[in-house]
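Q: Quick one: the structure is below, questions incoming.
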Amino acid sequence: MRHLKPFLLLAVLPLAAFAWDHPGHSMVNEIALNSLPADFPSFVREPANAARIKFLSGEPDRWSHAPDMPLKHDDWVNHFFDIEQIPAAGLDLAAVPSLRYQFAAQFAAARAAHADKLPPTVATKTPDIVPEHTREWCGFLPWEIAEQYGKLKAALASLQAYEQFGTPEEVANARADVVSVMGIMGHYVGDGAEPLHTTVHHAGWTGDNPKGYTTWYGIHSWIDSGLINKSHIVSADLAGRVVPAQPLSVAARADGRDPVFTAALDFIVEQNKFVEPIYQLEKEGKLGNVPPNTADRLVSPEARALIESQLLKGGQVLGALWLTAWKNLKPDAFLIGVLQRRQTAAAAPVKATP
């Protein structure tokens with residue numbers, strides 16, 4: 001997520017945790033786990049594995065704390081998708097390609113042709129917070145979600161092969177791989193459920209502002225974690241509202257785009273509708289944040305309900321994606337062949353040396 005610098009966080013949000021992290025991201029992954037049907041591979045619910053899946057929900061944010069610019073440069077843009085930049089660049093949101101680098105080439109050309117209508121690529125309101133050379137991108141969140149889905153299908157197919165022809169140690173390692181992908185994948189789906197990860201208004205309203213919404217850049221971290229902490233939202237509050245996951249349709253599309261990508265994109269577009277309601281709640285003093293020289297404010301029931309709803313949406317979509325990957329995995333023919341040949345060779349009698 002697009003974090004504020006630690007010292008800025010302390011200045012404006014003394015009680016806030018890192019962005020939509022624990023408890024937020026962890027709750028999304030826990031909701032997803034609780035939505036899975038009984039016949040989903042049971043090892044993911046074993047206490048150690050369930051705890052790991054919840055822990056790994058925060059891993060991509062921990063990458064962003066690393067000092068390595070290549071890591072920041074690579075992963076930063078995977079946490080958001082500023083939808084407004086697509087029409088501003090003259091592109092059709094309903095036709096963006098589902099392959100990341102095909103879209104990147106398309107968007108780069110469109111940005112060059114419409115630079116006057118897009119956010120500047122130089123630091124403005126939050127200098128040094130956004131990694132250099134990432135400001136020219138609108139974000140790749142729906143592509144990241146679709147790619148993580150593909151990684152999960154691959155991990156599940158590998159597990160299937162090892163369960164048939166592998167050793168107990170290989171099966172254990174393959175299960176650990178599945179757990180890892182499930183946990184990390186959950187982070188990005190959780191980001192998609194946070195409306196401020198879908199907009200150019202991610203850190204205070206930017207550009208024309210006829211309704212006088214706040215330009216406070218701390219609103220992002222407040223939604224991600226400050227509000228959750230202040231209103232004491234916990235998993236138990238949401239457990240009774242989780243519904244069983246249903247697999248997504250992965251039927252081929254007439255436009256040739258990946259159906260999982262379009263499902264992720266549609267999900268993110270839907271969450272963008274809640275950007276302005278968040279700003280309206282802040283304007284009405286209902287988010288529980290405390291501007292300078294203002295008495296303490298409680299989190300309103302409306303604000304709490306909105307955040308709980310977004311956490312639930314993230315968890316339900318994540319559970320559906322996990323289930324879809326499992327229901328639609330294809331055998332790893334290459335790995336199966338390797339393991340079968342190994343098995344045959346091991347069973348062959350050893351010829352005596354003359």
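Q: Looking only at residues in the stretch 174-232 that are more than 24 Å from GLU270 (Cβ to Cβ) and of a type in the set (Lys, Arg), which one is modelled with the lowest pLDDT?
A: For the stretch 174-232, the residue satisfying everything is LYS230.
Q: Hey, among LEU335, LEU339, LEU323, which residue is buried (at least 17 other Cβ atoms within 10 Å of the Cβ), farther than 30 Å from GLU276 by Cβ, aliphatic (A, V, I, L, M) and more than 30 Å from the chain's Cα centre (by Cα)?
A: None of the others qualify; the one that does is LEU339.
Q: The conditions are (1) buried (at least 20 other Cβ atoms within 10 Å of the Cβ); (2) in a loop (DSSP other than H, G, I, E, B), and TRP143 fails exactly one of them. Which is it?
A: With respect to (1) buried (at least 20 other Cβ atoms within 10 Å of the Cβ); (2) in a loop (DSSP other than H, G, I, E, B), TRP143 is out only on (2).
Q: What do you reckon, is LYS313 crowded, with 19+ Cβ neighbours inside 10 Å, closer than 30 Å to LEU99 by Cα and basic (Lys, Arg)?
A: Spelling it out, LYS313 is indeed crowded, with 19+ Cβ neighbours inside 10 Å, closer than 30 Å to LEU99 by Cα and basic (Lys, Arg).
Q: Here's a follow-up. Can you pull out every residue in the stretch 227-283 that is touching a Ser or Thr at 6+ places or on another chain (Cβ under 6 Å) and within 30 Å of SER300 (Cβ to Cβ)?
A: Of everything in the stretch 227-283, those that are touching a Ser or Thr at 6+ places or on another chain (Cβ under 6 Å) and within 30 Å of SER300 (Cβ to Cβ) turn out to be VAL242, ILE268, GLN271, ASN272, VAL275, GLU282.
Q: Here's another thing I want to ask about it. Select from the stretch 41-58 the residues that are hydrophobic (A, V, I, L, M, F, W, C), in contact with a helix residue (DSSP H, G or I) (Cβ under 6 Å, 6 or more places away or on another chain) and within 20 Å of PRO168 (Cα to Cα) and list them in ascending order.
A: Correct list: PHE43 only.
Q: Within the stretch 280-298, can you find the residues that are in contact with a Lys or Arg (Cβ under 8 Å, 6 or more places away or on another chain) and surrounded by 21 or more Cβ atoms within 10 Å (Cβ to Cβ)?
A: Of everything in the stretch 280-298, those that are in contact with a Lys or Arg (Cβ under 8 Å, 6 or more places away or on another chain) and surrounded by 21 or more Cβ atoms within 10 Å (Cβ to Cβ) turn out to be LEU287, ASN289.
Q: While we're here: Limited to the stretch 175-212, what total is found for residues that are touching a residue at least 60 places away in the same chain (Cβ under 8 Å) and either assigned to a helix (DSSP H, G or I) or in contact with a strand residue (DSSP E or B) (Cβ under 8 Å, 6 or more places away or on another chain) (or both)?
A: 19
The values are calculated or read from the model by the stated rules, or taken from the named source; none is laboratory data. This one's a predicted model, so the numbers in the text were calculated from it and none came from an experiment. With ideal geometry, Cβ positions are generated from the backbone for all residues, glycine too; neighbour counts draw on all protein chains shown.
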